[in-house]
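A.B. asks: For reference, the structure I am asking about is given below.
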Amino acid sequence: MVASSVLGFPRIGANREIKKVVEAYWAGKVSAEEVTKVSAEVKKTNWTELKQRGVDFIPSGDFSLYDHVLDHSAAFNAIPKRYQGQGLNALDTYFAMARGHQANGVDVPAGEMKKWFDSNYHFLVPELDVSTEFKLNYNKALEEYKEAKALGVTTRPVVLGPITFLALAKATKEAKEGFQPISLLPKLLPVYKQLLTELKSAGVEWVQLDEPILITDLGAGFESQYASAYPELVSVAPKILLTTFYGRLETNVNFLAKLPIAGLHIDLDRAPQQLDAAVAAVNSTSIVLSLGVVSGRSIWKTDFAAALKLVEKAVSALGQDRVLVSTASTLLHIPVTLANENKLTEEQKDWFSFALEKASEVATIAAAASGSQDSKVASAIEANRASIAKRRDFEKNSDDSIRKRVSSIKPEDYERKNPFATRREAQKSLNLPKFPTTTIGSFPQTKEIRQARAKLGKGELSESEYDEFIKKEIESAVKFQERIGLDLLVHGEPERNDMVQYFGERLNGFVFTQNAWVQSYGSRYVRPPIVVSDVSRKGPITVQWSKYAQSLTKKPMKGMLTGPVTILNWSFPRVDISRELQAQQLALALRDEVVDLEAAGIKAIQVDEPAIREGLPLRRADWDAYLGWAGNTFKLSTAGVKDETQTHSHFCYSDFDDIFPQIQRLDADVISIEASKSDLKLINTFKRYGYSNSIGPGVYDVHSPRVPGDAEIQERLKAMLTHLDSTLLFVNPDCGLKTRGWKETEASLINLVNAARWARENH
Ligand code: GLN
Ligand code: ZN
């Protein structure tokens, strides 16, 4: 029989239960027991739903209150010294690592967050050095296995694999130059062995070890570590399913097939072409091949016929018992269920499938591949055939005027008329001082703002009442910025529910969900819009707000847009046409918006592209193609303006080393980047490459409520000034302030302005 499997499930709850309870705990409103209770309910629902849907291998141990990599660090005692001896209990230490802690005399910043592979999920980077004493503080996989078992559900515990864990880690500040976390593998293995031994004694049959690092270019370099570590683990463990996802293994499959593992999982959603090589590699072994044929990254219904073709190919070579039908990756990246969507049309609902529906898909495909005679299976297959056919029909609709506009884009449409040096002169009309201070765009999205938006949604507030409310918010944001002395102002983005959704709602081609949340980091969830057809602008999007904000002040107002690549990467894209074509359509819409903002008197316009890097393919061989079109679409969206108009862009990350020439090629007049936690490595990169345009490396971290002192910001500026041309430097936070409260925002920005004043006096 071909069994079905799910590699991981969203842990936020169908109604965002975990966000609610965790945030209430942070606010001191509920106890730790309440958090445990709500978590148990969410896990129970997930497990029982998967069981009811007929999934054979159900994950456990993949639940998390914040991040699964952080869970792993905490469980393995990889807790940086700054969090120890602070008098915090285990749960509060965990949250301190996640988001910093500033209360009762304790003041520690959060750990560094990074994007998880090529997704919009962020993990907390483990910090290791030779003094790290790994030990098993708790065995989450075992606890959850037992928890599920008590509910009558047998699960396959999920554990982050040792090599991926070390590969994702970074050295602590105290570590010796040249220290490589992977060198700790011999010290780490005994703890894994303890964990796995405990699972085996509890009767666990299969354990899933996630090793996604294998689909990156780094993977091949770890061949010897895999060869030495896994035989040791296998000797004490339940049957190991080693999973790889988000991409292709390439030749790594050959050394993996030599490991004494019981199963290997490959992603056939992202890389269907790797099936043959994988089958060939495991053919003469007894390894079970788990086929990821149901996407964990896209919300489109799986085409059963196409999936079955792949499955049948594997079955004919390996036999039914050596093939699993699985989700391609964890389902963490997609919403919980379509059942909570009441506003999608029936036609639209029929196109999609979210996590629970994908679980049913694996069960059905597995049953069909097993030759099931069940009439329910036959009718599910037939229903799928019919709905895929209907979708193909719909996909034939295209907007010819947009397609034509895209195909007539000329090379000069990508370029500003003059080089930066000339534009810089023209932009003196903005009258910015040296070390201009600015912010990334958003100000706190307060309870009042969210309530007003909710009331508008329910019809309790009319459009015009809501607009008045937003105007007041803008006015107070402008006054605040003038009062504390910021130089380049923003309107604060109060009108935006989300930086992508807001634009999607004002463009043709998108559909929206009510409840389709996915975790971005910690308790921060996003609700990505879905691109379903050709994209175009319905009319001006932000112009009225920017214009209004500018009318309130003599200082320059920066217009604020989300870039084409980011809109695309943070939406669920179409899978029937290329991402490039979708991004081009978006870029043309944004270009029109940029030109309209300029015409409305806005002299600085920021087009945020925080997601360009996360969209970078996981294999270097694919980079040039991606960076080519992605960079071009950004340029296309911004190049339509005069020299006098200052274009800005913002990136939420700090890894530029390997994509630097592409950042320069974007040719934004000013870029702001995340820098407060990257130990100047990043600034070095800009210096080394001789970046020629203006740059605002963030001077403090916005992901934590902690307030940076003036001296701390001054130190950052001082360090930056040793590396960068002072006349090109902007002073700004790392990112937007929407998730922060006003109290810390005010205090932090006042300190930021003071630090810039200090720089003006001293440099
Ligand atoms: N302008 C956006 C904001 O300030 C940018 C956010 C982002 O890049 N993630 O919120
Ligand atoms: Zn950002």
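A.B. asks: Listed here are the pairs 20/114; 309/376; 135/173; 187/313; which of them are more than 30 Å apart at the Cα?
C.D. replies: Over 30 Å Cα-Cα: 187/313.
A.B. asks: Can I ask one more? How far is the Cα center of region 301-376 from the Cα center of region 547-619, in Å?
C.D. replies: The distance from the Cα centre of region 301-376 to that of region 547-619 comes to 35 Å.
A.B. asks: Can you pull a Stokes-Einstein diffusion coefficient for region 95-253 at 25 °C (0.890 mPa s), Rh from Kirkwood over Cα pairs, as a whole number of µm²/s?
C.D. replies: Calculated translational D: 142 µm²/s.
A.B. asks: Which log10 I(q)/I(0) values does region 273-359 give at q = 0.21, 0.26 Å⁻¹ under the Debye formula, counting every alpha carbon as one identical point scatterer?
C.D. replies: With one equal scatterer per Cα and no solvent, log10 I(q)/I(0) is -0.95, -1.23.
A.B. asks: Counting only residues 5 or more places away or on other chains, whose amide H sits under 5 Å from the amide H of residue 437 once H atoms are built in the peptide plane?
C.D. replies: 487, 488, 731
A.B. asks: Karplus couplings for region 383-388 from phi (6.51 cos²θ - 1.76 cosθ + 1.60, θ = phi - 60°), rounded to Hz, Gly and Pro as x?
C.D. replies: Couplings: 5, 5, 4, 5, 6, 5 Hz.
A.B. asks: Let me ask you something else. Could you tell me which of the pairs 19/115; 358/390; 115/718; 51/358; 558/718 are separated by over 24 angstrom between their Cα atoms in the structure shown?
C.D. replies: Over 24 Å apart, Cα to Cα: 115/718; 558/718.
A.B. asks: Here's another thing I want to ask about it. Go ahead and estimate [θ] at 222 nm for the chain from helices alone: -39,500 (n - 2.57) per DSSP H run with n ≥ 4, summed, over the residue count, rounded to 500.
C.D. replies: One gets -13000 deg cm²/dmol as the mean residue ellipticity at 222 nm.
A.B. asks: For the pair residue 77 and residue 102, what calculated FRET efficiency results from E = 1/(1 + (r/R0)^6), where r is the Cβ-Cβ distance and R0 = 25 Å, to the nearest 0.05?
C.D. replies: The computed FRET efficiency comes out at 0.55.
A.B. asks: Against the globular-protein guess of 2.2 N^0.38 Å, express the Cα radius of gyration of region 80-150 as a ratio, rounded to two decimals.
C.D. replies: Cα Rg divided by the expected 2.2 N^0.38 Å: 1.34.
A.B. asks: Return the lysines within reach of residue 554: Cα separation strictly under 20 angstrom, same-chain partners fewer than 8 residues apart disregarded; answer none if there are no such residues.
C.D. replies: Straight-distance partners of residue 554: 428, 434, 471, 472, 479, 603.
A.B. asks: Now, a different point. Rounded to whole Å, give me the distance from the Cα center of region 706-763 to that of region 13-84.
C.D. replies: Taking the Cα centre of each part, region 706-763 and region 13-84 sit 35 Å apart.
A.B. asks: Okay, moving on. When only C-alpha pairs under 8 Å and at least 6 residues apart count, what is the relative contact order of the chain, in percent?
C.D. replies: Relative contact order for the chain comes out at 12 percent.
A.B. asks: Would you mind checking the radius of gyration and Dmax of region 551-629 based on alpha-carbon positions, in Å?
C.D. replies: Spelled out, the Cα radius of gyration and Dmax of region 551-629 are 15.3, 50 Å.
A.B. asks: If you don't mind, there's one more thing I want to ask. Pairs 37/447; 404/538; 146/193; 140/301: which exceed 22 Å Cα-Cα?
C.D. replies: Those over the limit are 37/447; 140/301.
A.B. asks: What is the fewest-to-most order of 577, 659 by other Cβ atoms lying within 10 Å of their Cβ?
C.D. replies: Ordered from fewest to most neighbouring Cβ atoms within 10 Å, 577, 659 come out as 577, 659.
A.B. asks: Each residue of region 219-233 in order: what ³J(HN,Hα) in whole Hz does its phi give by Karplus 6.51 cos²θ - 1.76 cosθ + 1.60, θ = phi - 60°, with x for Gly and Pro?
C.D. replies: 3J(HN,Hα) across region 219-233, in whole Hz: x, 4, x, 9, 3, 5, 5, 4, 5, 8, 6, 5, x, 5, 5.
A.B. asks: Quick one: Karplus J couplings for region 124-136, per residue in order, coefficients 6.51, -1.76, 1.60, θ = phi - 60°, nearest Hz, x for Gly and Pro?
C.D. replies: In residue order, the calculated couplings are 8, 6, x, 10, 10, 7, 5, 7, 4, 9, 5, 7, 8 Hz.
A.B. asks: Specify which residue in the list 206, 333, 364 is farthest towards the positive end of the charge dipole of the chain, using unit charges on the beta carbon of Lys, Arg (+1) and Asp, Glu (-1), about the Cα centre.
C.D. replies: 333
A.B. asks: Can you tell me how much longer the chain between residue 220 and residue 415 gets when fully stretched, taken as 0.36 nm per residue apart minus their C-alpha distance, in nm with one decimal?
C.D. replies: Between residue 220 and residue 415, full extension yields an extra 66.3 nm.
A.B. asks: Among 269, 393, 622, rank each residue by its count of other Cβ atoms within 10 Å, from fewest to most, as a rough exposure measure.
C.D. replies: Least crowded to most crowded, the residues run 393, 622, 269.
A.B. asks: Which of the peptides 179-187, 402-410 is most tightly packed, and how do the rest follow, judged by the mean count of other Cβ atoms within 10 Å per residue?
C.D. replies: Per-residue mean Cβ counts within 10 Å order the peptides as 179-187, 402-410.
A.B. asks: So if I place +1 on the C-beta of Lys and Arg and -1 on the C-beta of Asp and Glu, and nothing else carries charge, what would the dipole magnitude of the chain be about its Cα centre? I want it in debye, nearest 20.
C.D. replies: The dipole of the chain has a size of about 480 debye.
A.B. asks: When the expected Rg is taken as 2.2 N^0.38 Å, what fraction or multiple of it is the alpha-carbon Rg of region 522-567?
C.D. replies: The reported ratio for this selection is 1.60.
A.B. asks: Over the alpha-carbon set of region 362-473, work out the extent along each principal axis and list the three values in angstrom, largest first.
C.D. replies: Result, largest extent first: 76, 48, 30 Å.
A.B. asks: Ranked by Cβ crowding within 10 angstrom, fewest neighbours first, how are 234, 323 ordered?
C.D. replies: Fewest-to-most Cβ neighbours within 10 Å comes out as 234, 323.
A.B. asks: If the viscosity is 1.567 mPa s and the temperature 4 °C, what Stokes-Einstein diffusion coefficient in µm²/s follows for region 701-744 when Rh is the Kirkwood radius over Cα pairs?
C.D. replies: Rounded to a whole number, D works out at 109 µm²/s.
A.B. asks: Using a basic spin-label model with each label point 7 Å from the Cα along Cα→Cβ, how many nm lie between residue 460 and residue 422?
C.D. replies: That separation, rounded to one decimal, is 5.6 nm.
A.B. asks: Separate question: Placing +1 at every Lys and Arg Cβ and -1 at every Asp and Glu Cβ, with all other atoms neutral, what dipole size does region 213-276 have around its Cα centre, in debye to the nearest 20?
C.D. replies: 160
A.B. asks: For region 493-591, what's the radius of gyration and Dmax over Cα atoms, in angstrom?
C.D. replies: 14.6, 48
A.B. asks: Now a separate question. Where the Cα atoms of region 219-370 are projected onto their three principal axes, how long is each span, largest first, in whole Å?
C.D. replies: 53, 29, 27
A.B. asks: Show me, bin by bin at 20 Å from 0, the whole-percent P(r) of the chain based on Cα pairs.
C.D. replies: Cα pair-distance distribution for the chain, in percent: 16, 50, 31, 3, 0.
A.B. asks: Okay, next question. Can you list the equivalent-ellipsoid semi-axes of region 27-77, largest first and in whole Å, using the square root of 5 times each Cα gyration tensor eigenvalue?
C.D. replies: They are 24, 17, 7 Å, listed largest first.
A.B. asks: Over all directions, the average projected area of the alpha-carbon convex hull for region 11-154 comes to how many nm²?
C.D. replies: Reported value for the Cα convex hull: 9.9 nm².
All of the numbers you see were taken from the coordinates with simple rules; none came from a lab. Everything numeric in this text was worked out from a predicted model, so none of it was measured. Cβ: placed from backbone, ideal geometry, glycine included. Neighbour counts: every protein chain shown.
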